[in-house]
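Input: a single structure, listed below in structure tokens.
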Amino acid sequence: MPEKVPQSKSAQHPSQDPAQASNDVAVSRNIYLDAFLTFFKIGLFTIGGGYAMIPLIEAEIIEKKKWVGKEEFLDLMAIAQSCPGVFAINIAIFIGFRLRCVKGAIVSCIGTALPSFIIILLIALFFHQFKDNEIIAAAFRGIRPAVVALIAVPTYNLAKKAKLNRYTFWVPIVSALLIWQLGVSPILIIIAAGIAGYILGRGGKK
């Protein structure tokens, strides 16, 4: 009876082809570099706080890279806003984790935070030299209105994407009035909204 010729490892496991494995490693490395550079660019041009980065995230992450969908991005924003910490860092961590779990979250977090760290460090080193410079002061006066627009536009877009209806349109209005007029803590607003959403969800209502 003829002896069976043992198959090679590549024949036994076609998925372990060296060329394919090398290509997978390259793709994996590229996604880390791509995520770092993308969030570095977002962090570099995020002027005015976390919400000012929303238009950049939508353009880069949703429309260009297609790493997350619009509906999923709304959920990630809600979670990021509800968690402790800086909004920009939180949303970067969630998207990075969505891409490559813990390693992706770390790369995205560093990419987002590094530009601010470098810029603030440079400003701290040289601030005393130009803090009274009229040109610098005038530049900041011009930036402030633009920052308001960067925050207002994504707020309006989020309101449309949230699909407010006659059952939910009062939530942002009442929440804004409670915070603005009565000084209610935003933390209490978030907790109350979460509890209300849970109760309504169990009742089968949207």
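The values are calculated or read from the model by the stated rules, or taken from the named source; none is laboratory data. Predicted model, so just to flag it, every value in this text is computed and none were measured. For neighbour counting, all protein chains shown are included, and Cβ atoms are generated from backbone atoms with ideal geometry for every residue, glycine included. Surface areas here come from the heavy atoms of the whole protein model, side chains and all, with no ligands, DNA or RNA. Shrake-Rupley method; radii C 1.70, N 1.55, O 1.52, S 1.80 Å.
Evaluate region 128-138: report whether one residue or more is assigned to a helix (DSSP H, G or I) and among the β-branched types (Val, Ile, Thr). Yes, region 128-138 contains at least one residue that is assigned to a helix (DSSP H, G or I) and among the β-branched types (Val, Ile, Thr). The lone criterion from (1) modelled with pLDDT of 80 or more; (2) surrounded by fewer than 17 Cβ atoms within 10 Å (Cβ to Cβ) left unmet by residue 73 is number (2).
Could you please give the count of residues in region 79-91 that are open to solvent by 60 Å² or more (accessible area, probe 1.4 Å) and assigned to a helix (DSSP H, G or I)? Residues flagged as open to solvent by 60 Å² or more (accessible area, probe 1.4 Å) and assigned to a helix (DSSP H, G or I) within region 79-91 amount to 3.
For residue 141, are the conditions met, namely being open to solvent by 80 Å² or more (accessible area, probe 1.4 Å) and either assigned to a helix (DSSP H, G or I) or on the phi > 0 side of the Ramachandran plot (or both)?
Numbers: open to solvent by 80 Å² or more (accessible area, probe 1.4 Å): yes; either assigned to a helix (DSSP H, G or I) or on the phi > 0 side of the Ramachandran plot (or both): yes.
For residue 141, the condition - open to solvent by 80 Å² or more (accessible area, probe 1.4 Å) and either assigned to a helix (DSSP H, G or I) or on the phi > 0 side of the Ramachandran plot (or both) - is met.
Considering region 41-59 alone, what residues qualify as being modelled with pLDDT of 85 or more, open to solvent by less than 60 Å² (accessible area, probe 1.4 Å) and over 11 Å from the mean Cα position of the chain (by Cα)? The one that is modelled with pLDDT of 85 or more, open to solvent by less than 60 Å² (accessible area, probe 1.4 Å) and over 11 Å from the mean Cα position of the chain (by Cα): 59. Residue 187 meets each of the listed conditions (1) of a type outside the set (S, T, N, Q); (2) farther than 29 Å from residue 72 by Cβ; (3) in a helix (DSSP H, G or I); (4) free of Cβ contacts under 8 Å to residues at least 12 places away in the same chain apart from (2). Contact annotation: residue pairs with Cβ atoms under 8 Å, 6 or more positions apart or on different chains, pairing a residue in region 51-70 that is under 17 Å from residue 161 (Cα atoms) and touching a residue at least 12 places away in the same chain (Cβ under 8 Å) with a partner that is part of a helix (DSSP H, G or I) and among the aromatic types (Phe, Trp, Tyr), are 51/87; 57/73; 58/73; 61/73.
Residue by residue, here is whether (1) touching a helix residue (DSSP H, G or I) at 6+ places or on another chain (Cβ under 6 Å); (2) modelled with pLDDT of 85 or more; (3) closer than 21 Å to residue 52 by Cα holds:
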{"site": "94", "(1), (2), (3)": "yes, yes, yes"}
{"site": "106", "(1), (2), (3)": "no, yes, no"}
{"site": "130", "(1), (2), (3)": "yes, no, no"}
{"site": "141", "(1), (2), (3)": "no, no, yes"}
{"site": "160", "(1), (2), (3)": "no, no, yes"}
{"site": "174", "(1), (2), (3)": "no, yes, no"}
{"site": "192", "(1), (2), (3)": "no, yes, no"}
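Quick one: which residue in 179, 195, 151, 199 is in a helix (DSSP H, G or I), in contact (Cβ under 8 Å) with a residue 12 or more places away in the chain, surrounded by 10 or more Cβ atoms within 10 Å (Cβ to Cβ) and among the β-branched types (Val, Ile, Thr)? When all the criteria are applied, what remains is 151. Only one of the numbered conditions (1) closer than 20 Å to residue 114 by Cα; (2) at pLDDT below 85; (3) surrounded by 12 or more Cβ atoms within 10 Å (Cβ to Cβ) is violated by residue 32, and that is (2).
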